[in-house]
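*Asks:* One structure coming up, written as structure tokens, with questions to follow.
The values are calculated or read from the model by the stated rules, or taken from the named source; none is laboratory data. Please read these numbers as outputs of a predicted model, since none were measured by experiment. As a convention, Cβ positions derive from the backbone with ideal geometry for all residues, glycine included, and neighbour counts pool all protein chains shown.
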Amino acid sequence: MAGNVFDFMKLWTQSDLDSERKLQKFLLMGLDKVVQGQSDVLSKISIGPAIAGPIVRWMEEWGYPSQIKAALSGDTMTFSGYLFGREIDNESVKKVIRAGTILERPSDGIQAKVSSVDGLRAAVVAYGNTSLSDDESALSWDIIAEVWSDYRDASDPRALDRIFREVGTQIHAETFEIPKTRKNTKYEIVADETERQISALLEKLRRQLAYAVLRSRPYHDGSEFVYGNKTEEPTMCGICTWPIITQAELSNPSVYVNKNSAALTKTDLDDLARYLWLDEHADYNKGNWWIVCHPLTHRYIHDFDIAYRRMEKSDKGVGFYVDNFDAKIGKSFPILSDRYMRPDVLILVDFDATKYGYFANDRMDRKEIPTQGRYQRWLISFQTYGVVVRSPRSNVGMIRGLPFAR
């Protein structure tokens, strides 16, 4: 926008459509585009539709497991552990195991066919030319298949239960004031004092939004997170908070790894990718998967296998840069380092399952506050929701407790 203080203040104080359109363009310069351009992570997250409620709510369901924890003794198998996010019980077993189900012990390939099910116990027989042997303790058996014939009647129909997930909104606001003397004074390298101050303020709001999308946690009342109008000052949910929420429901230390200040290793990243796929059924064949970390954490990745690398005499650069990690499960994950990320954590996330957005009719608002002196005061604010992560258990894994050094 060309012009001087008079041109800017004309747009700032008038409310006609043309002035509003130009001011929005000048103020925001496309707030989303600028924020996303300055944050590598936010540039990967799509902007969702505006919402008109204090929370965003959606339904999810736990998928059918590919394994079940059980202990074999003689011809009886006793089930234990968790199914569908809660402690196993008679009803949850019925959704997974029934007469004809074939289970296989991964360690030696022993297969057992279920003859009948009674609560948490099942009568089994050896199957596929294998011989049964007792388990020393409960372990995970793979659910292979079910034996059917053309004349078998359907029994024990199955259905998945659904749960609700939700995120709240957060208001981002700043006040701006400028006295007439300062507004009308020319400074060296500062052509327009008002424009200079607002630009700095908007940069602070952009940084605040980036931190919120990555790190913000909803208000916690001591027992659970509280969203929406249940608290006077609600806050949104950031990407790094989702593993905390899901692990409180059902802990899996293989995908919520605590390093206790030990250095990050290749094995850590390999295990995170493997167990997120094995235990939580992450689908790496679709989506937009990235490893996200702070630049201080990225330096450990830069040094992976450094003893096996070499530099040519013709190289004009010093040091190594790693922007992809090839996991042993056969998938390659690009690496994003973002200065707004928490230095002590690393996440593996599918960005196609994430989004944040704005409250209805609250994308950016400005309001002049009456004063009694020779200065002008304004309130700049907007309200966002998020971050929505679909199926967060299978779409976000975290390594925490990483060493931190500035």
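*Asks:* What do you reckon, is V93 within 30 Å of I244 (Cβ to Cβ) and not small (G, A, S)? Spell out how you get there, then give the answer.
*Replies:* Details: within 30 Å of I244 (Cβ to Cβ): yes; not small (G, A, S): yes.
The answer is yes for V93.
*Asks:* Take segment 342-365 and flag every residue that is modelled with pLDDT under 90 and either under 13 Å from I301 (Cβ atoms) or aliphatic (A, V, I, L, M) (or both).
*Replies:* A360, M364
*Asks:* If V114 passes every condition in (1) touching a Gly at 6+ places or on another chain (Cβ under 9 Å); (2) modelled with pLDDT of 90 or more; (3) loosely packed, with under 11 Cβ neighbours inside 10 Å but one, which one does it miss?
*Replies:* The single condition V114 does not satisfy is (3).
*Asks:* Scanning for something loosely packed, with under 15 Cβ neighbours inside 10 Å and of a type in the set (F, W, Y), does segment 135-156 turn up at least one residue?
*Replies:* Yes, segment 135-156 contains at least one residue that is loosely packed, with under 15 Cβ neighbours inside 10 Å and of a type in the set (F, W, Y).
*Asks:* Taking the residues in segment 220-231 that are touching a strand residue (DSSP E or B) at 6+ places or on another chain (Cβ under 9 Å) and loosely packed, with under 15 Cβ neighbours inside 10 Å as candidates, determine which candidate is modelled with the highest pLDDT.
*Replies:* Among those that are touching a strand residue (DSSP E or B) at 6+ places or on another chain (Cβ under 9 Å) and loosely packed, with under 15 Cβ neighbours inside 10 Å, it is H220.
*Asks:* What about Q208, is it within 27 Å of P234 (Cβ to Cβ) and either at pLDDT below 80 or in a helix (DSSP H, G or I) (or both)?
*Replies:* Here the answer is yes, as Q208 does meet what is asked.
*Asks:* Regarding S261, is this residue in the same structural domain as R366 (by TED's automatic domain parsing), part of a loop (DSSP other than H, G, I, E, B) and without any contact (Cβ under 8 Å) to a residue 40 or more places away in the chain? Quick ask: steps written out before the conclusion?
*Replies:* Values: in the same structural domain as R366 (by TED's automatic domain parsing): yes; part of a loop (DSSP other than H, G, I, E, B): yes; without any contact (Cβ under 8 Å) to a residue 40 or more places away in the chain: no.
Criteria not met by S261.
*Asks:* Given (1) in the same structural domain as Y284 (by TED's automatic domain parsing); (2) surrounded by fewer than 16 Cβ atoms within 10 Å (Cβ to Cβ); (3) at pLDDT below 90; (4) over 28 Å from G228 (Cα atoms), where does A405 come up short, assuming only one miss?
*Replies:* (1)
*Asks:* Restricting to segment 211-238, name every residue that is in a helix (DSSP H, G or I) and closer than 22 Å to M341 by Cβ.
*Replies:* First, pick out the residues of segment 211-238 that are in a helix (DSSP H, G or I): 211-215, 228-230.
Answer for segment 211-238, where residues must be in a helix (DSSP H, G or I) and closer than 22 Å to M341 by Cβ: Y211, A212, V213, L214, R215.
*Asks:* Can you tell me which residues in segment 67-110 are assigned to a helix (DSSP H, G or I) and of a type outside the set (D, E)?
*Replies:* Applying the first criterion (assigned to a helix (DSSP H, G or I)) to segment 67-110 yields 90-94.
Result: N90, S92, V93, K94.
*Asks:* Which members of segment 81-92 meet the condition of being under 15 Å from D118 (Cβ atoms) and surrounded by fewer than 20 Cβ atoms within 10 Å (Cβ to Cβ)?
*Replies:* Just the residues of segment 81-92 that are under 15 Å from D118 (Cβ atoms), to begin with: 88-92.
Scanning segment 81-92 gives I88, D89, N90, E91.
*Asks:* I would also like to ask the following. On the given criteria, is S46 at pLDDT 90 or above and of a type outside the set (F, W, Y)?
*Replies:* Taking the combined requirement at face value, the residue does not satisfy it.
*Asks:* Checking C240 against (1) in contact with a strand residue (DSSP E or B) (Cβ under 6 Å, 6 or more places away or on another chain); (2) within 24 Å of P403 (Cβ to Cβ), which single condition isn't satisfied?
*Replies:* Tallying (1) in contact with a strand residue (DSSP E or B) (Cβ under 6 Å, 6 or more places away or on another chain); (2) within 24 Å of P403 (Cβ to Cβ), C240 fails exactly one: (1).
The rows are residues; the columns are (1) more than 26 Å from F351 (Cβ to Cβ); (2) of a type outside the set (V, I, T); (3) surrounded by 15 or more Cβ atoms within 10 Å (Cβ to Cβ).
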position	(1), (2), (3)
A52	no, yes, no
M59	no, yes, no
W62	no, yes, yes
A70	yes, yes, yes
D75	yes, yes, no
F79	yes, yes, yes
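*Asks:* Any residue at all in segment 169-188 that's under 20 Å from the mean Cα position of the chain (by Cα), under 30 Å from N395 (Cα atoms) and either modelled with pLDDT of 85 or more or not assigned by TED's automatic domain parsing to the domain that holds D75 (or both)?
*Replies:* Of segment 169-188, the ones under 20 Å from the mean Cα position of the chain (by Cα) are 169-170.
The next check asks that each one be under 30 Å from N395 (Cα atoms); those that pass are 169-170.
Adding the requirement that they be either modelled with pLDDT of 85 or more or not assigned by TED's automatic domain parsing to the domain that holds D75 (or both) leaves 169-170.
Yes, the conditions are met somewhere in segment 169-188.
*Asks:* Which residues, counting only those in segment 273-292, are in contact (Cβ under 8 Å) with a residue 12 or more places away in the chain, farther than 23 Å from L250 by Cβ and part of a loop (DSSP other than H, G, I, E, B)?
*Replies:* Within segment 273-292, K286, N288 qualify.
*Asks:* Quick one: in segment 374-387, of everything that is in contact with a Ser or Thr (Cβ under 7 Å, 6 or more places away or on another chain) and within 20 Å of R342 (Cβ to Cβ), which residue is modelled with the lowest pLDDT?
*Replies:* Among those residues, the one meeting the criterion is T384.
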